[in-house]
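The values are calculated or read from the model by the stated rules, or taken from the named source; none is laboratory data. Please read these numbers as outputs of a predicted model, since none were measured by experiment. Cβ coordinates were reconstructed from backbone atoms using ideal geometry, including for glycine residues, and neighbour counts include every protein chain displayed.
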Amino acid sequence: MDHTSREAAYFAKRLKELNEGKPKLLLEAIIKENVFFLKVMAEHAKFIGHLLDPSERKLVDQARDFSHDFDQLLFQAMDLDSMRPQSETTPILNQFLDRNRVSVVSLRNFKKSAKELIKDCKIKSNIHPLLADHVFREAERFLQIIDMFEASLKK
Ligand SMILES: [Fe+2]
């Protein structure tokens, strides 16, 4: 519930910003958006791991590895946030986005195959197909945001 309400608050805030035409400070936004989405990704990995049947050992292990990986990335993002403005240089932020992208791509692929396995009733879990689709689409959205930030750093 906490996870879902944070996503709703994020969406409402985004609509408000769009309505007001408020330009966000790019460098600060890069770190803050990544903190938000890395936490969401870490939580997805955790609840996927919990909702899979324990007999799906390989998938549970993979979900646990993603959980650890995204916790580490989240801590790194929080480190950068606490080190602003010195951490807001283009080379540091480029490297930060590249590193995050690698992990999000592999989590997105994991979610995509889990989503298909769930839809085809090939694995045992308590994951609703709509939830599997939701977490997949959120990873896709995070990748779009990373690409958008990377493109604006090049300008
Ligand atoms: Fe979510």
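So the values come out like this:
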| quantity | calculated |
| --- | --- |
| Counted residues, the range 52-102 - those being farther than 24 Å from Ile127 by Cβ, touching a residue at least 40 places away in the same chain (Cβ under 8 Å) and of a type in the set (Gly, Ala, Ser) | 2 |
| Scope the range 1-28; condition acidic (Asp, Glu) and either more than 16 Å from the ligand (Cβ to nearest atom) or over 15 Å from the mean Cα position of the chain (by Cα) (or both); matching residues | Asp2, Glu17, Glu20, Glu28 |
| Test set (1) surrounded by 15 or more Cβ atoms within 10 Å (Cβ to Cβ); (2) away from the ligand (no atom under 16 Å from the Cβ) - Leu107 fails condition number | (2) |
| Which listed residue, of Ile31, Ile48, is within 14 Å of the ligand (Cβ to nearest atom), aliphatic (A, V, I, L, M) and surrounded by 10 or more Cβ atoms within 10 Å (Cβ to Cβ) | Ile48 |
| Condition met for Phe75 (out of contact with any Ser or Thr (no Cβ under 8 Å at 6 or more places or on another chain), surrounded by fewer than 15 Cβ atoms within 10 Å (Cβ to Cβ), not basic (Lys, Arg) and not in a loop (DSSP other than H, G, I, E, B)) | yes |
| Glu116 modelled with pLDDT under 95 and charged (D, E, K, R) | no |
| Among (1) more than 17 Å from the chain's Cα centre (by Cα); (2) hydroxyl-bearing (Ser, Thr, Tyr); (3) in a helix (DSSP H, G or I), the one test that Ser87 misses | (3) |
| Subset of the range 110-132 (residues that are touching a Lys or Arg at 6+ places or on another chain (Cβ under 7 Å) and surrounded by fewer than 15 Cβ atoms within 10 Å (Cβ to Cβ)) | Pro129 |
| Qualifying residues in the range 30-61 (those that are of a type in the set (Gly, Ala, Ser) and assigned to a helix (DSSP H, G or I)) - the one farthest from Ile92 (Cα to Cα) | Gly49 |
| Among residues of the range 134-155, those that are within 12 Å of the ligand (Cβ to nearest atom) and either small (Gly, Ala, Ser) or surrounded by 15 or more Cβ atoms within 10 Å (Cβ to Cβ) (or both), counted | 6 |
